[in-house]
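**Student:** Input: one structure, supplied below.
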Amino acid sequence: MRVAVIGAGVIGLSSALCIHDRYHSKVTPLSIDVYTDRFTPLTTSDGAAGLWQPYLHDNGNMQETKWNKETFDYLLSLINSPDSIQMGIFTQSGYSLFTEPMPEPSWKDIVLGFRHLTPQEMKICGWFNTTLMIEGKSYLPWLMDRSVCTVSSPSFLPSCTKHGVDVILNCTGVRAGELQPDPLLTPGQGQILRVDAPWLKHFITTHNPKSGKYCSAYIIPGSRSVTVGGIFQAGNWSEANNSEDHRQIWEEGCRLAPSLKNARIMDDWTGLRPVRSSVRLDSETLQLGNKQCEVIHNYGHGGCGLTMHWGCALEAANLFGKILKKKRPSHFW
Amino acid sequence: QDKVAVVGAGVIGLSTAVCIAESIPSCAVTVLAEHFTPDTTSDVAAGILLPHPFPETPLHKQRCWFKDTFDHLLSICNSTDAAEAGVFLLSGWQVFQETPSTKDPYWSTVVLGFHMMTDAELQRFPKYKFGQSFTTIKCECSKYLLWLEKRLKNAGGQLHTEKITGFEQLTSSYDIIVNCSGLGSRDLADDQSLYPVRGQILRVHAPWLKHFIRDGNGHTYIFPGIHSVTLGGTRQKHNWEMSVDEADSSGIFERCCELEPSLKKSQVCSKLVGLRPTRNSLRLEREFFVHGNRQVPIIHNYGHGGGGISIHWGTALEATQLVKESINWRNPTSKL
């Protein structure tokens, strides 16, 4: 069976690994090839700070909450393993700050040590918890090493099917619309600064319900630098850094953590969050030319790709299993 | 002008000198010491704010010194000076293999967000039954002492490298002596109740570690710093050995890796030894030293053991108060 994965961000690579791990002994031969024009360290996943934290409101989307939890539990199970540092997994504690009291999030029992801030800690409302970091710049190379796939230059659906591809995994993120128009998908452009401030050991995220998700300053220390951000511009396709956003990020960041003032700014980066009202994780049969091809879509994770990736990869593997059953109903899967 | 000599340039000497220079303008403060940063005992310490018990000092005093220090450093944490001063917030866990008799120590209301670890939090420490989770402060002396030296100079103070072997060296040039000589007081103040508790540490490169982890028995701890992580430790009473012991190093590394397995991937940058200046109670009091026809007040501020950084500002404030009282005693307002 031939599988083509399009996209080599965290979604593409983890889905490929999950499917391979579950089915390579049951389906022989199982060849999985990843097609992409960008791979680590140039994907959206590489630029993200890597903080595991879903949105404050799950909007009743129980499925996404389940995928978030599966990802957290999976990463936590690896925290004491010999590979954890190579994978870019480590714990970090920190603060979520609000201008007014907020209802507790769906993930309060998923993270560790969730509590409200005491009056001594902050003069505003907020939470404290311990969560996990999963840094794309380490995780993606680790996934590529483990990958039994070859990663090659772009290939489009028509030429895929020419070579007899049975299943396509569409993990194209923000540019999924180029393969199949999707009015629900839009870029959530965000610029960040990477700063040398190794005395900062906590993440600080702020949330302003009036300005929306990610529009409020955040500081996320990593293993190599501190990410300072707070920009979210829906519909903006530009990947260029701009000085106005830089100034805003820096001013708000310094207000949040005055010690940043004397820190050295290393560089800027701009990425496009693949925003969608809900994640598209489903399958369909497409008629391509005179062939039928099964397509599993796994895109639209917004600012929560790393947070949700493993749960989605497991679900993609489930969908793959259903496709196998359809193709060989008498076979034992 | 009252000439004040502060003996010792570790965290106690410098903070006391700064406190005096900043709050008593009539004082001309000079710090005299054999060793300055980075060669003091304070430079070896990780600098985590966690009190060290003094069996014979009243608990309310210990709490007061700790709170004064914590509050002082907390305001630095939240200021633009934090990076230069080497002061920052650090969260983490203190874990116990046996449930301790005091689950709620006196300092639990001083540190931030203190609570008992949940079962889920304890799962990462399989050999441990009980734990405390809180946010405290790390005060890195390699930066902090330099920052204090700067503050002292800005307040008109001076620093001289000079080993003081007897208070009589100072009585003719100074009006008040403040003794912050740590372990040196064994000879200088002839105090045989003072003894070293030898501590060895490793500094490793592990920038992914963002939490402290301390075994409640005090023998194993992991304290992430700005550029390295301090792994410890040893508590060898009456041991004066300043050179690194390789058996201690491997013991420390193994025990820390058991607590935090990712440390196996860390690189050791340095190994250091410090002698904690230990005493059953802190000596913070005034004594009169007579030399010839001079009677000079000496304010003693030593014997902080493994808790110097944790209570330094509190004891500096108290020592400064004793200096003020000594000045008033020397220059009472004339009744004529």
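**Student:** Could you tell me the total accessible area buried at the A-B interface, probe 1.4 Å, in square angstrom to the nearest hundred?
**Tutor:** 2700
**Student:** Determine the sum of side-chain charges near residue A:325: Lys and Arg each +1, Asp and Glu each -1, restricted to other residues whose C-beta is under 12 angstrom from that of residue A:325.
**Tutor:** Net charge around residue A:325: +4.
**Student:** If the stretch B:250-336 were replaced by its equivalent ellipsoid, with semi-axes equal to the square roots of 5 times the Cα gyration tensor eigenvalues, what would those be, largest first, whole Å?
**Tutor:** Output for the stretch B:250-336: semi-axes of 46, 14, 10 Å.
**Student:** Pop out the carbon and sulfur fraction of the accessible area of the stretch A:189-333 as a percent, whole number, probe 1.4 Å.
**Tutor:** 50
**Student:** Normalised by the empirical 2.2 N^0.38 Å for globular proteins, what value does the Cα Rg of the stretch B:1-126 take?
**Tutor:** Cα-based Rg divided by the globular estimate yields 1.33.
**Student:** Can you send over the carbon and sulfur percentage of the accessible area for the stretch B:267-336, probe radius 1.4 Å, protein chains only?
**Tutor:** 49
**Student:** Roughly what % of DSSP beta bridges within chain B run antiparallel, to the nearest 5?
**Tutor:** Within chain B, antiparallel bridges account for around 70 percent of the total.
**Student:** Over the Cα atoms of the stretch A:185-333, what Rg and Dmax result, in angstrom?
**Tutor:** 20.6, 67
**Student:** Shifting gears a bit: Give the distance, in whole Å, between the Cα centre of the stretch A:27-100 and the Cα centre of the stretch B:259-336.
**Tutor:** Centre-to-centre distance over Cα atoms comes out at 49 Å.
**Student:** With bins 10 Å wide starting at 0, give me the P(r) of the stretch A:270-333 over every alpha carbon pair, in whole percents.
**Tutor:** In whole percents, the pair-distance histogram is 19, 39, 29, 12, 1.
**Student:** Then there's this: Under the definition of Cα pairs under 8 Å and six or more residues apart, what whole-number percent is the relative contact order of the stretch B:1-112?
**Tutor:** About 20 percent, as a whole number.
**Student:** Do any residues of the stretch A:92-135 lose at least 20 Å² of accessible area when the full set of protein chains is present rather than just their chain alone, and if so which, with a 1.4 Å probe?
**Tutor:** Flagged in the stretch A:92-135: A:93, A:95, A:112, A:113, A:115, A:120, A:121, A:128, A:130.
**Student:** Summing -39500 (n - 2.57) over the DSSP H runs of n ≥ 4 in the protein assembly as shown and dividing by its residue number, what mean residue ellipticity at 222 nm do you reach, to the nearest 500 deg cm²/dmol?
**Tutor:** The per-residue figure over the protein assembly as shown is -8500 deg cm²/dmol.
**Student:** Residues of the stretch B:68-90 that become at least 50 Å² less accessible with every protein chain present than in their own chain isolated, using 1.4 Å: which are they?
**Tutor:** Buried on complex formation: B:80, B:83.
**Student:** Here is a follow-up. Taking the convex hull of the alpha carbon atoms in the stretch A:1-43, what volume per residue do you get, in Å³?
**Tutor:** Residue-normalised Cα hull volume stands at 53 Å³.
**Student:** Find the centroid of the Cα atoms in the stretch A:191-237 and in the stretch A:241-310, then give the distance between the two in whole Å.
**Tutor:** Centre-to-centre distance over Cα atoms comes out at 12 Å.
**Student:** Let me ask something else about it. Once the mean 1/r over all distinct Cα pairs of the stretch B:72-162 is inverted, what Kirkwood radius in angstroms do you read off?
**Tutor:** Computed over the stretch B:72-162, the radius equals 15.7 Å.
**Student:** Just to be sure I follow: if Rg is taken over the C-alpha atoms of the stretch B:87-219 and Rh is the Kirkwood radius over the same atoms, what is Rg/Rh?
**Tutor:** Across the stretch B:87-219, the Cα-based Rg/Rh ratio is 1.09.
**Student:** Could you let me know the centre-to-centre spacing of the stretch A:120-146 and the stretch B:119-156, using Cα atoms, in angstrom?
**Tutor:** 21
**Student:** For the stretch A:1-111, what ratio Rg/Rh do Cα atoms give with a Kirkwood hydrodynamic radius?
**Tutor:** With Rh from the inverse mean 1/r over Cα pairs, Rg/Rh is 1.03.
**Student:** Send over the semi-axes of chain A's equivalent ellipsoid, whole angstrom and largest first, taken as the square roots of 5 times the C-alpha gyration tensor eigenvalues.
**Tutor:** 36, 21, 18
**Student:** Cβ under 12 Å from residue A:296's Cβ, residue A:296 left aside: what net charge do those residues give with Lys, Arg +1 and Asp, Glu -1?
**Tutor:** Around residue A:296, the charge tally is -3.
**Student:** Moving to a separate point now. Once the convex hull of the C-alpha atoms of chain B is built, how many Å³ does it hold per residue, rounded to a whole number?
**Tutor:** 140
**Student:** Based on C-alpha coordinates, I'd like the Rg and Dmax of the stretch B:138-276, in Å.
**Tutor:** Using the Cα atoms of the stretch B:138-276, the pair Rg, Dmax is 18.7, 58 Å.
**Student:** Counting Lys +1, Arg +1, Asp -1, Glu -1, what net charge surrounds residue A:141 among other residues with beta carbon under 13 Å of its beta carbon?
**Tutor:** My count for the surroundings of residue A:141 gives -2.
**Student:** Something else now. Give me the one-decimal Kirkwood hydrodynamic radius in Å for the stretch A:182-230, with the sum taken over alpha-carbon pairs.
**Tutor:** Averaging 1/r across every pair of different Cα atoms and inverting gives 12.2 Å.
**Student:** Which of the lysines could a cross-linker span from residue B:3 if the Cα-Cα distance has to be under 27 Å and same-chain partners fewer than 8 positions apart are dropped?
**Tutor:** Once the sequence-local lysines are set aside, what remains near residue B:3 is B:150, B:153, B:163, B:324, B:335.
**Student:** Principal axis extents for the protein assembly as shown, Cα atoms only, whole Å, descending order, please.
**Tutor:** 113, 52, 39
**Student:** Within a 10 angstrom radius of each residue's Cβ in A:193-201, how many Cβ atoms of other chains show up on average? Whole number is fine.
**Tutor:** Averaged over the peptide's residues, the number is 5.
**Student:** Rounded to the nearest angstrom and ordered from largest down, what semi-axes does the equivalent ellipsoid of the stretch B:208-274 get from its C-alpha gyration tensor (root of 5λ)?
**Tutor:** Output for the stretch B:208-274: semi-axes of 20, 13, 11 Å.
**Student:** Based on the mean of other Cβ atoms within 10 Å per residue, sort peptides B:176-183, A:38-45, B:70-77, B:281-288 so the most packed one is first.
**Tutor:** Highest-to-lowest ranking by the protection proxy: B:176-183, A:38-45, B:70-77, B:281-288.
The values are calculated or read from the model by the stated rules, or taken from the named source; none is laboratory data. All figures in this text were calculated on a predicted structure; none of them were measured in a lab. Note that we place each Cβ from the backbone using ideal geometry, even for glycine, and neighbour counts take in every protein chain shown. Surface accessibility is based on the protein's heavy atoms, side chains included, excluding ligands, DNA and RNA. Shrake-Rupley method; radii C 1.70, N 1.55, O 1.52, S 1.80 Å.
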